[in-house]
Amino acid sequence: MKKHRQHTGRTAVVLAAGSGTRLGAGANKVWLPLGGRELATWSFRWLRQTGLFDRYVIVVHPNEREDAREILNRHVEVPIDIVDGGKSRHDSETRALEYLAPSIESGDCQLVLIHDGARPLASPSLVRRIVEAAESSGGSLPYLETAHITGSYSGQQLVRVQTPQVFAAAPLLDAYRQAAGEGFEGSDTSMCMERFRPDIPVRVVKGSAQNLKVTYPQDLVMAEHILAAQGFSLK
């Protein structure tokens, strides 16, 4: 008898509609080769390994829908919903959430993870810790301490926020609808939540230096080295 997988109420969204101009590749960096496959597909590899999600969504540039479908069919063994991205990161997030709105409003989707497709090395263990924290508080994100501040603000630390960021689905959709009504655009998911749903406590989880964002050519080289160190064949 075939065993049915338990419904989790969690959806993972990967943002892949950027241009990657700073990388200087002349193309969207999320489709550049990394370890024998396109960069964005690594995120789905790790997300799938967690076993935490019922549904997967990728947000792409409208002109890249067909190429994205072909690439995902080759490298990802779970169904992926494809959503057209917008002119900005915030716009792309809004479009993804409106796409998921029927499932969110019905209660079928209760938790949404939003991840930057240019971060190909977010490990399954990091994802699990962020999801666990979000389920207990309503929201969670990873961070790295980067420097100690000197001078007037001595003793404080600068932090760098990473993705994935995970939030309760209904408040997240509400925050983005409020943002649309006011014409607000945040630089990441947590900024929009902080402004419009400050009632949702956000837990911070220690991130990882391995969870790098591929922005410049040297980042791609570093990602290759990390994968090689983990025993992946890069042919």
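Kirkwood analysis of the Cα pair distances in the chain returns a hydrodynamic radius of 18.3 Å. The amide H of Val205, built 1.01 Å from its N in the peptide plane, has Leu141, Tyr143 as neighbours under 5 Å, considering only residues 5 or more places off or on other chains. Label-to-label distance for Arg65 and Val78 is 2.4 nm, based on points extended 7 Å past Cα in the beta-carbon direction. For Leu34, nonlocal amide neighbours, meaning residues 5 or more places apart or on other chains whose placed amide H falls under 5 Å from its own, are Leu39.
Could you work out the relative contact order of the chain, using alpha carbon pairs under 8 angstrom and six or more residues apart, expressed as a whole percent?
Numbers: 428 pairs, mean separation 54.8, N = 235.
Once divided by the residue count of the chain, the mean separation gives 23 percent.
Multiplying the residue separation of Ala180 and Glu98 by 0.36 nm and subtracting their alpha-carbon distance yields 28.4 nm. Computed from the C-beta positions of Asp91 and Ala229 and an R0 of 35 Å, the FRET efficiency is 0.45 to the nearest 0.05.
Tell me, what is the per residue accessible area of the range 180-235 in Å², probe radius 1.4 Å? With all protein chains present, the range 180-235 gives 62 Å² per residue.
Below 13 angstrom from the Cβ of Pro62, what's the summed charge of the other residues (Lys, Arg +1; Asp, Glu -1)? Net local charge, Pro62 excluded: -1. Helix-only estimate, please: 222 nm mean residue ellipticity of the chain, summing -39500 (n - 2.57) across DSSP H runs of length 4 or more and dividing by its residues, to the nearest 500. Helix-only estimate at 222 nm: -12000 deg cm²/dmol. In whole percents, the pair-distance distribution calculated for the range 166-235 from its alpha-carbon pairs, binned every 5 Å from zero, is 3, 14, 18, 14, 10, 12, 12, 11, 6, 1. Accessible area per residue (1.4 Å probe, heavy atoms of protein chains only) ranks Ser103, Ser125 as Ser125, Ser103, with the largest value leading. For the range 190-204, the residues whose backbone nitrogen is under 19 Å from a point 7 Å from the Cα of Glu145, taken along Cα to Cβ, are 203-204. Would you mind getting me the FRET efficiency between Thr8 and Val204? Use the beta-carbon distance for r and R0 = 25 Å, nearest 0.05. Efficiency, rounded to the nearest 0.05: 0.60.
Trypsin sites (Lys or Arg not before Pro), restricted to the range 74-105: which are DSSP loop and have at most 14 other Cβ atoms within 10 Å?
Passing sites in the range 74-105 are Lys87.
In plain terms, the chain is cut at each of the chymotrypsin sites (Phe, Trp or Tyr not before Pro) found in a DSSP loop with at most 16 other Cβ atoms within 10 Å, and the longest leftover piece is 1-183. Heavy atoms of the protein chains alone define the surface here; on that basis the range 81-147 has 36 Å² accessible area per residue at 1.4 Å probe size. Surface composition of the chain: carbon plus sulfur atoms contribute 50% of the solvent-accessible area (1.4 Å probe, protein chains only, all chains present).
The values are calculated or read from the model by the stated rules, or taken from the named source; none is laboratory data. The structure displayed is predicted, hence computed values, not measured ones. Methodologically, a virtual Cβ is constructed for each residue, glycine included, from the backbone with ideal geometry; neighbour enumeration extends over all protein chains shown. What goes into the accessible areas is simple: the full protein's heavy atoms, side chains included, and nothing from ligands, DNA or RNA. Shrake-Rupley method; radii C 1.70, N 1.55, O 1.52, S 1.80 Å.
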